[in-house]
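So the structure is just underneath, and the comments pick up after that.
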Amino acid sequence: MFPSGLVLDSGSKDPIIRVRSLPLAALLCASTGSAIAQTATTDAEATAHRVLDQLDAGDYAAVTATFYPQMTAALSADALRQVQTQIEAAGPVTSRNAPRGTQQQGMTVVVTRFQLAQASLDASVALDAEGRVAGLHFAPVAATP
């Protein structure tokens with residue numbers, strides 16, 4: 001007697017092999033997908049790190065060169081300079097935490113917390129599948145009680 005839902009084709013002599021190979025195939029696919037996602041996240045983290053370094057260095061043209069076309073239309077190098085000026089008003093960067101990458105709606109979003117002399121910020125860099133910057137957001141970190 002075979003479990004319900006098991007489909008055998010007429011040429012199959014050993015249904016156990018078919019049943020056991022299916023979970024193995026699923027495991028292999030899942031682990032391969034996980035490795036690919038991990039590589040994409042690692043690449044995205046490196047890109048986000050580079051973008052933040054370029055911002056710190058004032059190389060706004062290099063940052064905007066990595067933008068997705070709609071992002072370029074929305075945020076010019078001059079506007080990016082103004083954002084960086086506002087961030088720098090809180091003092092120099094004193095430290096930067098390790099980036100944390102996640103997958104969200106087909107994008108890799110990398111969040112990096114960094115501390116300035118007078119504030120802490122989370123910088124979020126969203127990257128599309130080609131590694132282009134599709135979003136850039138800075139948010140103050142809420143004080144913990």
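Values quoted throughout were computed directly from the atomic coordinates according to the rules given, and no laboratory measurement underlies them. Quick caveat, the model's predicted, so the values are computed rather than measured. Heads up, the Cβs are rebuilt from the backbone with ideal geometry, glycines too, and the neighbour counts pull from every protein chain shown.
Assorted remarks:
- Peptides 77-85, 103-111 ranked from most to least packed, by the mean per-residue count of other Cβ atoms within 10 Å: 103-111, 77-85.
- Amide H contacts under 5 Å for Gly135, placed H, 5+ residues apart: Ala126
- Binning all Cα-Cα separations of the stretch 42-145 at 5 Å, short to long from zero, yields these whole-percent fractions: 2, 13, 24, 26, 20, 11, 3, 1, 0.
- Taking packing as the residue-averaged number of other Cβ atoms within 10 angstrom, the listed peptides 42-53, 88-99 run from highest to lowest as 42-53, 88-99.
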